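Derivation of every value follows stated rules applied to the coordinates shown; laboratory data play no part. Values in this document were obtained by computation on a predicted structure and should not be read as measured data. Positions of Cβ are generated from backbone atoms using ideal geometry, with glycine treated the same way; all protein chains shown enter the neighbour counts.
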């Protein structure tokens with residue numbers, strides 16, 4: 001089977017897939033933070049889980065809505 005999509009369309013599909021994978025990863029990290037610190041829930045652990053989980057959820061929603069996520073708008077970091 002041949003792929004009749006243009007290179008720009010394939011790039012968008014790859015970006016959506018990457019945003020989805022990163023979103024799932026960040027949500028998993030947030031859950032792991034909460035699970036590992038469940039005995040001693042400090043403000044720092046909860047704040048880190050909320051921020052990382054929020055970025056993950058935003059990346060998932062952006063992939064579904066076909067928009068660029070916040071993490072991709074930051075650009076390449078050094």
task = Quick one: count up the residues across region 18-46 that are more than 16 Å from residue 57 (Cα to Cα) and touching a residue at least 24 places away in the same chain (Cβ under 8 Å).
result = 0
Hey, residue 63 surrounded by 13 or more Cβ atoms within 10 Å (Cβ to Cβ), in a helix (DSSP H, G or I) and over 11 Å from the mean Cα position of the chain (by Cα) or not = no
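Rundown of residues vs (1) out of contact with any helix residue (DSSP H, G or I) (no Cβ under 6 Å at 6 or more places or on another chain); (2) assigned to a loop (DSSP other than H, G, I, E, B); (3) more than 20 Å from residue 71 (Cα to Cα), yes/no style:
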position: 5; (1), (2), (3): yes, yes, yes
position: 11; (1), (2), (3): yes, no, no
position: 17; (1), (2), (3): yes, no, no
position: 26; (1), (2), (3): no, no, no
position: 31; (1), (2), (3): yes, no, no
position: 39; (1), (2), (3): yes, yes, yes
position: 47; (1), (2), (3): yes, no, no
position: 55; (1), (2), (3): no, no, no
